[in-house]
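Each remark here refers to the structure printed beneath this line.
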Amino acid sequence: MADFRDYPEAVRTGEELDLAKLEPFLRSSFPTEPGAVAVEQFPSGHSNLTYLLRIGEREIVLRRPPYGSKVKTAHDMGREYRVLSKLHSAYPLAPEVLLYCDDDSLLGAPFYLMQRLRGIIVRRDPPAGLPFLAETARCLGESFVDNLSRLHGLNYNAIGLDSLGKPQGYLARQVTGWIDRYYGSQTHDLPEVGRIAAWLKEHMPAMSEAALIHNDYKYDNVVIDSEDPTRIIGVLDWEMSTIGDPLTDLGTALAYWVDPQDPDELQKIRWGPSTYAGSLTRAQLVERYARVTGRDVSRMPFYLALARFKIAVIVQQIYCRYHRGMTKDARFASMPEVVKILLRASVQSIESPSI
């Protein structure tokens, strides 16, 4: 039977781990694990870096901030570790963390270790050879939005995550914060930004009831069961999780979700197989979410406009590191065009009441 699970590759140049410093830490932390230490890297992420460590037969995942990043609030390893250490027992799809290290002398930045989740990662397209029939696409889309609904229904106070964020004023902080982050990483003069910024400030809705939110929920941040590709068994990349407006979380998922009738330029930057036959549309995702959660989704065009702008800023921040020579990852060279496409999509959300 074919194996469609996600596997690491060789470490990218410039992103190597210093094994001479790391290995003694691993030996002292896992003294009963014999055998050589080896490192590979999961290659597809664009933000925090993820490695697979092998200590003999044992496999452990290491997460650390990207090289050259100055946006420390977006790469707080200690915060991400604390979230996962409390969340996993209540929400087993969150990874199980093992250790946190704040000693910068080992890798030049804090990092944490977690158990490996083995499964399929669906990116722009399903893995080559994986049957992805219309029924599979439909059921996976339903699982995708139902899982987000489940996350938003968690009692974050009972989990011990009530101090994770400040719900009051969250939406206003999001709007002003992403505007400020754009100008802090600006490399080109893009006229859409001013228009979007002004509109978001003028059309801000009342915030929905607060929930624990992931803040970057998309297909390639979920792990799918290799035996049942409609079943989600894990959710990755909790670096931006907080307590806030759950409709911003749904908006982010929608911003990554490209419908078949979307413009060609959006099709070019499609993040997942959302245009495959059988896939739910953005409108169907919203309808199902509203039915499951009972939340008012009448202002979703605002949340979609904000989310498309937010993702544009995230891409801009990543490109800025490349532009300033802080990373040599050649994938980042074409990102200005992605930023422009997302900004135009945000403007389209402003001009159209539909999603």
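At most 16 other Cβ atoms within 10 Å plus a DSSP loop assignment makes a site exposed; report the longest stretch of the chain without any exposed GluC sites (Glu not before Pro). My reading of the result: 228-355 is the longest stretch. If you take all other residues with their beta carbon under 14 Å from the beta carbon of LYS328, and give Lys and Arg +1 and Asp and Glu -1, the sum is +1. What is the sum of charges around TYR219, taking Lys and Arg as +1, Asp and Glu as -1, for the other residues whose C-beta is under 13 Å from the C-beta of TYR219? Its environment carries a net charge of -1. Across region 79-236, the volume of the C-alpha convex hull divided among the residues equals 190 Å³ per residue. If the chain linking GLU96 and ALA10 were pulled fully straight, counting 0.36 nm for each residue of separation and taking away their Cα-Cα distance, it would gain 28.5 nm.
Near the amide H of LEU49, within less than 5 Å, lie the amide hydrogens of ARG64, all on another chain or at least 5 residues away, with H placed in the peptide plane.
A simple count of charges around LEU87, restricted to other residues whose Cβ falls under 14 Å of its Cβ and scoring Lys, Arg +1 and Asp, Glu -1, yields -1. Using only the alpha carbons of region 197-355, what is the convex hull's orientation-averaged projected area in square nanometres? Orientation-averaged projected area of the Cα hull: 10.7 nm².
Values (i) 20.1, 61; (ii) 20.8, 73; (iii) 30.2, 130 are given for comparison; Rg and Dmax of the Cα atoms in Å, derived from the coordinates here, is the one labelled (i). Considering only the Cα atoms of region 201-264, their convex hull presents on average a projected area of 6.6 nm². At 30 angstrom or more along the helix axis (alpha-carbon based) and mean Kyte-Doolittle of 0.0 or higher, what helices does the chain contain? Whole DSSP H runs only. Sorted by number, the helices that extend far enough and score high enough are 300-323. Distance from the C-alpha centroid of region 195-269 to that of region 120-153: 14 Å, rounded to the whole angstrom. Dipole of the chain computed with +1 at Lys/Arg Cβ and -1 at Asp/Glu Cβ about the Cα centre; of PRO167, TYR217, HIS88, farthest Cα towards the positive end is PRO167. On the basis of the beta-carbon distance and an R0 of 56 Å, ASP189 and ARG231 show a calculated FRET efficiency of 0.75. Of the three principal axes defined by the Cα atoms of region 90-167, the extents in descending order read 48, 33, 19 Å. Once the C-beta distance of MET204 and ALA290 is scaled by a Förster radius of 22 Å, the resulting FRET efficiency is 0.60 to the nearest 0.05.
FYI, it's all coordinate maths here, none of it is from the lab. This one's a predicted model, so the numbers in the text were calculated from it and none came from an experiment. Cβ coordinates were reconstructed from backbone atoms using ideal geometry, including for glycine residues, and neighbour counts include every protein chain displayed.
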